[in-house]
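Since the structure comes first, as structure tokens, the remarks are kept for the end.
The values are calculated or read from the model by the stated rules, or taken from the named source; none is laboratory data. Predicted model only: the values in this text are computed from it and were never measured. Reconstructed Cβ throughout: ideal geometry from the backbone, glycine too, with neighbour counts over all protein chains shown.
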Amino acid sequence: MTRFRRLLCVLIGSLGSIMLAGATARAAQFYIEDLRIPMTEAGPQGLEAFLVRPVGTRRYPLALLSHGSPRSFDDRATMSAHQYYGIALEYARRGFAALVVMRRGYGTSPGGRVDSVGGCANAAYLPAAAVAVADLRAAIDAMSRRADVTTTGMIAAGHSAGGLATVALTAQAPAGLVAAINFAGGRGSRDDDEVCNEDGLVQTFASLGRTSRVPMLWVYASNDSYFGPDLARRLHDGFRAGGGNAKFIVAPPYGDDGHYLYSVVGRPQWTPYVDTFLRERALARDVLSPPDPLPPPGHFNDAAKAEFARYLASTSPHKAFAVSPNGGYGWRSGRNTVDDAQRDSLAACTKWAPTCTLYAVDDQLAGTTGQITTDQSARAR
């Protein structure tokens with residue numbers, strides 16, 4: 001199993017622990033929306049993006065979330081903004097409008113190898129970071145035009161290559177950016193403890209530190225196989241030497257590879273770092289409870305209830321669960337649209353029963369969801 005595949009398994013791991021954590025309080029409601037970010041360089045298709053925010057009528061400050069880059073170029077096409085729903089939900093629970101934007105060349109965002117660093121020995125990280133910053137700025141510009149999001153008091157957070165992109169964004173800080181978070185940031189890892197042009201990567205962080213003045217939090221686990229603690233300290237020292245403002249944390253070992261600390265499963269370990277940082281910046285808000293888990297269909301046996309629990313634990317929108325009167329069922333997750341999820345779950349159910357109806361769509365009972373027809377549409381949940 002590749003490192004990227006392992007990362008996906010971590011990111012779409014169990015949401016059950018998140019749901020149980022909020023079982024004693026009435027769960028908040030959250031709104032999600034699939035988006036395409038307009039950008040001339042991305043052509044008419046624009047950049048793939050996914051928004052999660054609390055349900056409400058106010059404007060929520062933006063939390064701009066940046067993803068990593070797999071070691072294998074071919075894995076980029078399998079990426080999706082939906083895979084980061086569990087991460088985005090944590091920022092939405094803290095009162096932000098969390099936007100996951102897929103940079104050019106990742107997921108369905110066109111761009112190919114536009115952010116290539118070149119050959120390993122002479123990998124050039126600053127030009128690649130500039131490409132990432134252009135994509136993030138396009139997302140900020142799009143969000144600034146919305147009635148439900150504000151870029152005043154916004155934060156940015158990124159993991160791995162997205163961490164480097166976030167650091168680079170602070171070096172050309174857009175108006176309204178007040179804090180940023182770098183989880184295991186870097187580029188150029190081609191194997192465990194092997195980074196292309198390591199000195200060049202250190203110099204890149206030092207160069208960014210010369211103009212970066214946004215307060216930052218940096219978190220690297222002590223058993224990170226991509227950017228180990230010695231290299232992480234070199235990156236931080238170089239950044240600080242140029243004048244960059246970053247609080248550096250070496251987190252305890254996480255699993256068998258600390259590079260994946262920033263995940264749904266790792267939430268109990270990394271969210272306290274974020275909460276402390278936000279409090280220090282006077283950006284902390286009440287942490288909203290997760291969505292309530294849905295009750296299983298009343299006519300289900302124990303085996304079917306266990307399968308419904310698996311459905312609830314899936315953190316890859318869009319998903320749907322269909323049932324039949326005789327206890328049959330079928331469900332599918334990770335679909336591009338709600339329509340796709342509904343169609344595919346009904347098809348799966350009717351393989352076992354002649355009559356099936358929708359029971360749940362994403363994290364709501366089917367009777368309480370709105371009709372979704374396009375990738376551009378939105379729903380409350």
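Quick check: is even one residue across the range 330-341 among the small types (Gly, Ala, Ser), touching a strand residue (DSSP E or B) at 6+ places or on another chain (Cβ under 6 Å) and closer than 19 Å to ASP363 by Cβ?
So far as the range 330-341 goes, yes, one or more of its residues are among the small types (Gly, Ala, Ser), touching a strand residue (DSSP E or B) at 6+ places or on another chain (Cβ under 6 Å) and closer than 19 Å to ASP363 by Cβ.
Just one of the listed residues (SER144, SER69, SER116) is under 14 Å from the mean Cα position of the chain (by Cα) and over 26 Å from ASP362 (Cβ atoms), and it is SER69.
Among the candidates ALA168, ALA179, ALA139, ALA156, the residue that is of a type outside the set (Phe, Trp, Tyr) and surrounded by fewer than 24 Cβ atoms within 10 Å (Cβ to Cβ) is uniquely ALA179. For the range 325-350, filtering for residues that are more than 24 Å from the chain's Cα centre (by Cα), surrounded by fewer than 21 Cβ atoms within 10 Å (Cβ to Cβ) and outside any helix (DSSP H, G or I) leaves 5.
For the range 192-212, how many residues meet the condition of being in contact (Cβ under 8 Å) with a residue 12 or more places away in the chain and not in a helix (DSSP H, G or I)? Spell out how you get there, then give the answer.
Here is the first cut: in the range 192-212, the ones in contact (Cβ under 8 Å) with a residue 12 or more places away in the chain are 192-193, 195-198, 200-212.
Then drop every residue that is not not in a helix (DSSP H, G or I), which leaves 192-193, 195-197, 210-212.
Count: 8.
Residue check: THR40 meets all listed conditions (1) over 14 Å from GLY105 (Cα atoms); (2) touching a residue at least 24 places away in the same chain (Cβ under 8 Å); (3) more than 15 Å from the chain's Cα centre (by Cα) but one, namely (2).
The residue that is surrounded by the most Cβ atoms within 10 Å (Cβ to Cβ), counting only those in the range 307-318 that are under 17 Å from CYS349 (Cβ atoms) and modelled with pLDDT of 90 or more, is HIS318. For the range 281-329, a residue qualifies if it is free of Cβ contacts under 8 Å to residues at least 60 places away in the same chain, more than 16 Å from TYR85 (Cα to Cα) and of a type in the set (D, E, K, R), and the qualifying residues are ASP302, LYS305, GLU307, ARG310. Flag set for ALA322, criterion: aliphatic (A, V, I, L, M), in contact with a Gly (Cβ under 6 Å, 6 or more places away or on another chain) and farther than 30 Å from ALA157 by Cα. Across the range 39-87, what is the total count of residues that are touching a helix residue (DSSP H, G or I) at 6+ places or on another chain (Cβ under 9 Å) and within 30 Å of PRO272 (Cβ to Cβ)? Selection size over the range 39-87: 24.
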